[in-house]
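> One structure, as structure tokens, below. Some questions next.
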Amino acid sequence: MSTERAEEQMPDWSAYRGVLIVVEQRDGEAKPVSWQLLGEGKKLAAKLDVPVKALVIGHGVGHLAREAGYYGADHVYWCDHPELANYRTRPYSRVVLQLIEDAKPEIVLFGATATGRDLAGAIATHLPTGLTADTTELDVEPPPSRLLLASRPAFSEKMMATILCKQYRPQMATARAGVFQSLPRNDSREAAIEEIAFRMEPADIAAEVLDFVRETGRINLEEADIIVAGGRGLGGPEPFAMLRELADTLGGVVGASRAAVDAGWIKHEHQVGQTGQTVRPKLYFAIGISGAVQHTVGMSNSEVVVAINKDAEAPIFQFAHYGIVGDLFKIVPAITEEMKRRKQSASAITDHTSPNKGRGSGS
């Protein structure tokens, strides 16, 4: 078939314009990945000369519609109904599908969370379009093609694959948390807020939520400000107790490299990297981690990286803001003890300077 003949058969998608971010929330609190995607969506929309839009679904979530504007949305769709208080695939997907039909965005982005993956997958089954999962890079070709360039690791993380959806709209992708940077919150930034109706009857919803039980003790690497991560250099599972003590002292959580997880030293939920989680903490300790690409792509957006390794040539030092070459089994406990000492000193100073310290009640 000639190129001219193929172009003649291409559908006309000119009615589809705009970038839509589906905001994920739970109990009225938005997931940070939603604001991160708004920041990235703003860049994509600027290249396409279109508005960036947001969709907020839930019950009692009007404040998040305003927040979406503060984080960069030009137009916010807001669907609020008691049946939407807890996430369920069918009612949430129906809201998104109806909005896609009415608003016709050319790009729709979701967070690559458990909820985001479920929702995006359900929507993709109802639309004649594709879905790129777990993207770590997003870009667009300028008009006239207006193609979304959704890139993700492929072939056992040995290369990046850029996936295109040339013949269908909307173009959809889920994106990992911690990869993109949200815009600074600006409460002077206003968005047009449009409330949309929820059109399903309760009898049409297949599942009913009887109770919601939170899993306790599960770490949240994606939202952690401080991560203390260990790798193969720890030599076994026992030294992770040492890392946990440092993390507890700093108010952080424990992470790990793929090598440590594959060895069975720590659970997969702690893994940072291409096949784990992408993180953006304020402080990241890489302890006994060599710095393989598989790991560094997951933590390279950390504000400050401190690497501790006995090998001065370890690649991790190329990413570190501060590097310590030496025996981690001596260095880590020393840092922990010093941080404990400083916390105790700060606490003593606070107690001593308290305005109520030493005052009687009077008579």
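> Just to be sure, is Ser145 part of a loop (DSSP other than H, G, I, E, B), more than 17 Å from the chain's Cα centre (by Cα) and in the same structural domain as Trp35 (by TED's automatic domain parsing)?
yes
> Taking segment 121-136 as the search range and keeping residues that are assigned to a strand (DSSP E or B) and within 22 Å of Lys47 (Cβ to Cβ), which one is farthest from the chain's Cα centre (by Cα)?
The residue in question is Leu131.
> Here's a follow-up. Just to check your reading of the model, which residue among Ala191, Ala161 is over 26 Å from Glu67 (Cβ atoms) and assigned by TED's automatic domain parsing to the domain that holds Ala122?
Selected residue: Ala161, the only one of Ala191, Ala161 that is over 26 Å from Glu67 (Cβ atoms) and assigned by TED's automatic domain parsing to the domain that holds Ala122.
> Test each condition in (1) among the hydroxyl-bearing types (Ser, Thr, Tyr); (2) surrounded by fewer than 20 Cβ atoms within 10 Å (Cβ to Cβ); (3) in contact with an Asp or Glu (Cβ under 6 Å, 6 or more places away or on another chain) for Tyr87 and report the one that comes out false.
Result: Tyr87 passes all but (3).
> Part of a helix (DSSP H, G or I), surrounded by 17 or more Cβ atoms within 10 Å (Cβ to Cβ), more than 15 Å from the chain's Cα centre (by Cα) and among the aliphatic types (A, V, I, L, M): is that true of Ala45 in this structure?
When the stated conditions are applied, Ala45 passes them.
> Restricting the search to segment 15-28, which residues are free of Cβ contacts under 8 Å to residues at least 60 places away in the same chain and under 20 Å from Glu101 (Cα atoms)?
The answer is Val23, and nothing else.
> Can you tell me which condition Asp139 does not meet? The list is (1) farther than 17 Å from Arg169 by Cβ; (2) part of a loop (DSSP other than H, G, I, E, B); (3) not small (Gly, Ala, Ser), and all the others hold.
(2)
> Give the residue that is farthest from Gly72 (Cα to Cα), with candidates limited to residues of segment 160-203 that are of a type in the set (Ser, Thr, Tyr) and part of a strand (DSSP E or B).
Top of the filtered list is Thr162.
Residue-by-condition table, conditions (1) under 13 Å from Tyr284 (Cα atoms); (2) touching a helix residue (DSSP H, G or I) at 6+ places or on another chain (Cβ under 9 Å); (3) among the hydroxyl-bearing types (Ser, Thr, Tyr); (4) touching a residue at least 12 places away in the same chain (Cβ under 8 Å):
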residue: Asn309; (1), (2), (3), (4): no, yes, no, yes
residue: Gly323; (1), (2), (3), (4): yes, yes, no, yes
residue: Leu328; (1), (2), (3), (4): no, yes, no, yes
residue: Ala334; (1), (2), (3), (4): no, no, no, no
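> Okay, moving on. Would you check if Val76 is touching a strand residue (DSSP E or B) at 6+ places or on another chain (Cβ under 8 Å) and in a helix (DSSP H, G or I)?
No: the conditions fail for Val76.
> Sort through Ala133, Ala150, Ala175, Ala154 and tell me the only one that's surrounded by fewer than 19 Cβ atoms within 10 Å (Cβ to Cβ) and either under 23 Å from Ser300 (Cα atoms) or acidic (Asp, Glu) (or both).
Selected residue: Ala154, the only one of Ala133, Ala150, Ala175, Ala154 that is surrounded by fewer than 19 Cβ atoms within 10 Å (Cβ to Cβ) and either under 23 Å from Ser300 (Cα atoms) or acidic (Asp, Glu) (or both).
> Of the residues in segment 106-120, how many are under 11 Å from the mean Cα position of the chain (by Cα) and at pLDDT 95 or above?
Qualifying residue count for the region: 1.
> State which residue pairs qualify: first residue without any contact (Cβ under 8 Å) to a residue 24 or more places away in the chain and inside segment 29-56, second residue in a helix (DSSP H, G or I) in any location, beta carbons under 9 Å apart, and separation of 6 or more residues or different chains.
So the pair list comes out as Glu29/Leu64.
> Please find, within segment 228-261, the residue that is nearest to Arg280 (Cα to Cα) out of those that are more than 23 Å from the chain's Cα centre (by Cα) and basic (Lys, Arg).
Within segment 228-261, the match that is nearest to Arg280 (Cα to Cα) is Arg244.
> Output the number of the condition that Ser145 fails; it satisfies all remaining conditions of (1) at positive phi; (2) surrounded by fewer than 17 Cβ atoms within 10 Å (Cβ to Cβ); (3) of a type outside the set (Asp, Glu).
Single failed check for Ser145: (1).
> Considering only segment 99-109, how many residues are surrounded by 17 or more Cβ atoms within 10 Å (Cβ to Cβ) and in a helix (DSSP H, G or I)?
Matching residues across segment 99-109 total 3.
The values are calculated or read from the model by the stated rules, or taken from the named source; none is laboratory data. On a predicted model such as this, the values are computed, not experimentally measured, just so you know. In this analysis, Cβ positions are derived from the backbone assuming ideal geometry, glycine residues included, and neighbour counts consider all displayed protein chains.
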